[in-house]
Amino acid sequence: MAAKQYATAHHELVVRPDSIALTQKLVRHFDEPFADSSAIPTYLVSEFARRHVTVALSGDGGDELFAGYDSFRIIEDMRRYDSVPQPARRVLAWMAERLPYAVYGKNFLFAISRQTGLERYFFTNYAPHLLRKRLLKPDWMLPADGAYLTRAFVNYLPAKSAGTLSQALHFEATNRLTGDMLVNVGRMSMAASLEVRCPLLDHQLAEFAAPIPNGWKLRNGQGKHILLRALGDRLPRKLLHREKMGFAIPIRDWLNGPLREMTRDLILGQSFLSKGIVSPSFVQHLLREHETGRRDNQTWLWSLLVLAMGLEDTRDARLPVPPAQPLAGAART
């Protein structure tokens with residue numbers, strides 16, 4: 001639609017990659033365990049673009065500056081639970097902790113039980129506490145309370161008085177954008193010898209966007225409201241108001257298909273399990289759930305696969321001691 005409006009050359013790439021070889025290649029390009037699976041389509045589109053150009057533009061920064069992610073909408077939706085009395089929160093937390101992992105709804109109960117909106121934000125957008133508690137060995141399990149999060153991410157969170165949405169916007173821009181999104185685009189584009197520039201991250205635009213009221217960024221469940229209004233008729237209306245789409249690939253199907261045996265061999269292999277990071281029985285549980293279709297565990301299985309592959313590549317390296325607090329940019333996994 002955009003190409004038609006501006007009479008530009010439109011190219012399409014139908015991807016049918018060798019998923020095993022591609023996964024191994026990209027894990028090595030990062031030089032560290034990096035479990036954002038959008039790295040794969042980012043590399044493929046960079047490689048495709050490089051056939052025609054040497055420099056490209058990306059839209060990175062738009063969601064962080066103008067509240068475009070669905071996670072920001074969820075923050076607003078969950079404000080209704082701020083009024084839940086503290087005794088009721090303790091009961092909900094007690095119930096959620098004791099329900100079998102297979103029970104649906106326990107994560108929702110645990111989210112409601114959180115003391116602050118910031119805790120709910122981290123719980124609903126990153127690896128859930130109840131999953132980590134069963135997956136990780138005690139030495140590798142980090143706290144989930146608001147006081148710990150505030151201490152651990154003191155450089156990435158504004159004052160509590162700023163409100164949960166403002167805190168989340170600041171965190172996404174200063175931590176996740178720099179430690180995930182830009183790492184992804186930077187390394188994958190350069191792996192294809194393509195240079196990528198991010199015009200939305202011009203410091204003057206970022207400085208202008210930061211103090212804009214949140215109600216102008218997120219309105220009636222629509223993120224980037226003021227940015228879309230500013231674009232006006234520069235893009236087709238249908239494109240401006242379409243449902244938000246991630247840059248994803250069928251990891252779920254790959255894990256049940258071409259990557260199944262390699263995934264099982266690596267994350268259930270003695271080399272990985274002997275590190276003492278994860279519970280072997282719970283890893284098997286995640287695999288069973290995924291393979292039977294009971295629950296989509298692609299995010300966690302992919303993270304484990306990338307970690308296992310990274311450790312396999314550095315088999316002789318000494319594993320670091322369990323972290324006292326998460327590193328910048330590491331929260332996504």
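The values are calculated or read from the model by the stated rules, or taken from the named source; none is laboratory data. Quantities reported herein were computed from a predicted structural model and do not represent experimental measurements. Cβ coordinates were reconstructed from backbone atoms using ideal geometry, including for glycine residues, and neighbour counts include every protein chain displayed. Ligands, DNA and RNA are excluded from the accessible area calculation, which covers all protein heavy atoms including side chains. Shrake-Rupley method; radii C 1.70, N 1.55, O 1.52, S 1.80 Å.
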Could you grab the relative contact order for the chain? Cα pairs under 8 Å, six or more apart, rounded to a whole percent. 32
Here the averaged projected area of the stretch 251-317, based on the convex hull of its alpha-carbon atoms and given in nm², is 4.2
I want to verify a result. In a Gaussian network model of the chain, Cα cutoff 10 Å, which of these has the top mean-square fluctuation: Met188, Met245, Met95? Met245
Where nothing but the Cβ of Lys and Arg (+1) and of Asp and Glu (-1) is charged, how large is the charge dipole of the chain around its Cα centre, in debye to the nearest 20? 860
The stretch 117-262 shape via C-alpha gyration tensor axes, a/c threshold 1.5: oblate
Under 19 Å Cα to Cα from Lys4, which aspartates and glutamates show up? Leave out anything in the same chain fewer than 8 places away. Glu12, Asp233
Of all the accessible heavy-atom surface of the chain, with the other protein chains kept in place and a 1.4 Å probe, what percent is carbon and sulfur? 56
Filter Lys217/Lys244; Lys106/Lys137; Lys133/Lys275; Lys25/Lys244 down to the pairs with a C-alpha to C-alpha distance above 23 Å, please. Lys25/Lys244
Find me the longest stretch of the chain that has none of the exposed GluC sites (Glu not before Pro), where exposed means in a DSSP loop (not H, G, I, E or B) with at most 14 other Cβ atoms within 10 Å. 13-242
For Cα pairs less than 8 Å apart in space and 6+ apart in sequence, what is the mean separation divided by the residue count of the stretch 233-311, i.e. the relative contact order in percent? 31
Rule-of-thumb Rg ratio for the chain [Cα; 2.2 N^0.38 Å; N residues]: 1.05
Modelled label reach - Ala102, point 7 Å along Cα→Cβ, the stretch 271-303 residues with backbone N closer than 12 Å: 285-286, 288-289, 294-295
With the Cα gyration tensor of the stretch 1-65 in hand, give its eigenvalues times 5 under a square root as the equivalent ellipsoid semi-axes, listed largest first in whole angstrom. 26, 17, 11
Computed over the stretch 50-146, protein heavy atoms only, probe 1.4 angstrom, the accessible area per residue in square angstrom equals 50
Cα centre as origin, Lys/Arg/Asp/Glu Cβ charges: the stretch 131-286 dipole, Debye: 440
Given contacts defined as C-alpha pairs under 8 Å and at least six residues apart, what's the relative contact order of the stretch 98-154, whole-number percent? 33
